[in-house]
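The values are calculated or read from the model by the stated rules, or taken from the named source; none is laboratory data. Because the structure is a prediction, the values reported are computed rather than measured. Positions of Cβ are generated from backbone atoms using ideal geometry, with glycine treated the same way; all protein chains shown enter the neighbour counts. Side chains included, ligands, DNA and RNA excluded: accessible areas come from the protein's heavy atoms. Shrake-Rupley method; radii C 1.70, N 1.55, O 1.52, S 1.80 Å.
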Amino acid sequence: MNSNIALIGFMGSGKSTVGKRLARRLGRRFIETDYLIEQEAGKSIVEIFKSGGENEFRRLEEMVVKSVSDTAENTVIACGGGVVIRPVNIERLKASAVIIYLQTSAAALNERLAFSRKRPLLDRPDRKEYIRELEAARRPLYEAAADFTVRTGNRPFAAVINEIIKKLDINESPNH
Ligand code: S3P
């Protein structure tokens with residue numbers, strides 16, 4: 001049963017903000033895989049990358065996605081931007097969730113990510129070019145994984161959420 005809603009998309013596409021508000025409107029739980037990874041590791045994402053590199057982070061991410069897919073119900077799940085790198089993550093998410101791709105232009109992402117210090121992958125001098133490159137490389141993976149796509153970036157969150165609810169064709173919580 002697809003009782004969960006998984007949000008995927010590039011860093012800075014608004015998965016956490018949209019996810020929290022969507023969950024409130026639908027009367028569902030909200031979780032973030034990045035938060036669960038930090039709980040599991042007992043350290044921050046930045047520290048995980050520092051001590052174990054991206055490999056260690058992806059190992060933890062796969063573990064968390066498996067456990068969420070096995071156990072979560074009626075939950076909005078905000079996934080890390082790189083969740084699509086490992087096909088097994090998408091297979092598992094698909095078994096329990098409708099997957100929504102929050103798509104944002106590279107220009108808008110650049111604006112939103114210019115000063116982020118919590119994203120180790122962007123900790124490099126050519127951040128701007130790298131965002132463009134990585135976004136272009138990942139876009140086909142997000143598109144292939146998603147049940148449907150909603151544009152974010154330069155429109156109000158309320159409009160994004162209204163569109164999601166309409167496309168999901170489900171009822172809102174009466175007491176949101
Ligand atoms: C990553 C995105 C981050 C976090 C990690 C790696 C990625 O999550 O999981 O830094 O590979 O795109 P957000 O998309 O929430 O920033």
Cβ under 12 Å from R28's Cβ, R28 left aside: what net charge do those residues give with Lys, Arg +1 and Asp, Glu -1? +3
Theoretical ellipticity at 222 nm over the chain - DSSP helices of four or more residues, -39500 (n - 2.57) apiece, nearest 500: -17500 deg cm²/dmol
Taking the chain, the whole-percent share of alpha-carbon pairs separated by over 27 angstrom is 22
A114 paired with A95, simple spin-label distance in nm, labels 7 Å along Cα-to-beta-carbon: 4.4
Protein accessible area in the chain, 1.4 Å probe - carbon and sulfur %: 48
Excluding E172 itself, what net charge comes from residues whose Cβ is under 14 Å from its Cβ, given Lys and Arg +1 and Asp and Glu -1? +4
If Rh is defined by the Kirkwood formula over all Cα pairs and Rg also comes from Cα, what ratio Rg/Rh do you get for the range 59-125? 1.03
Using the heavy atoms of the protein chains and a 1.4 angstrom probe, tell me the accessible area per residue for the chain in square angstrom. 53
Among G81, G42, G14, residue whose mean-square fluctuation peaks in a GNM of the chain (springs only between Cα atoms under 10 Å): G42
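Using the Cβ atoms and a cut-off under 12 Å, what net charge is assigned to the surroundings of G53, where Lys and Arg are +1 and Asp and Glu are -1?
Surrounding charge for G53 is 0.
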Expressed in nm to one decimal, what extension gain is obtained for the pair R151 and L168 from 0.36 nm per residue of sequence separation less their Cα-Cα distance? 4.6 nm
Residue among D70, D123, D34 with the largest mean-square fluctuation in a Gaussian network model of the chain, springs linking Cα atoms under 10 Å: D123
Virtual paramagnetic centre 7 Å along Cα→Cβ of V88, amide N under 13 Å, in the range 46-61: 58-61
Once phi is turned into θ = phi - 60°, what whole-Hz ³J(HN,Hα) does the Karplus curve with 6.51, -1.76 and 1.60 give for every residue of the range 20-35, x standing for Gly and Pro? 4, 5, 5, 4, 4, 5, 9, x, 10, 6, 10, 9, 10, 5, 4, 5
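Please identify every one of the GluC sites (Glu not before Pro) in the range 30-108 that sits in a loop by DSSP and has no more than 12 other beta carbons within 10 Å of its own beta carbon. It would help to have the intermediate numbers written out before the result.
On the way: sites: E32, E38, E40, E47, E54, E56, E61, E62, E73, E91; in loops: E73.
Here the GluC sites (Glu not before Pro) that fit, given the DSSP loop and packing criteria, are E73.
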Listed residue (L141, M63, G19) projecting farthest to the positive dipole end of the chain, Cβ model: G19
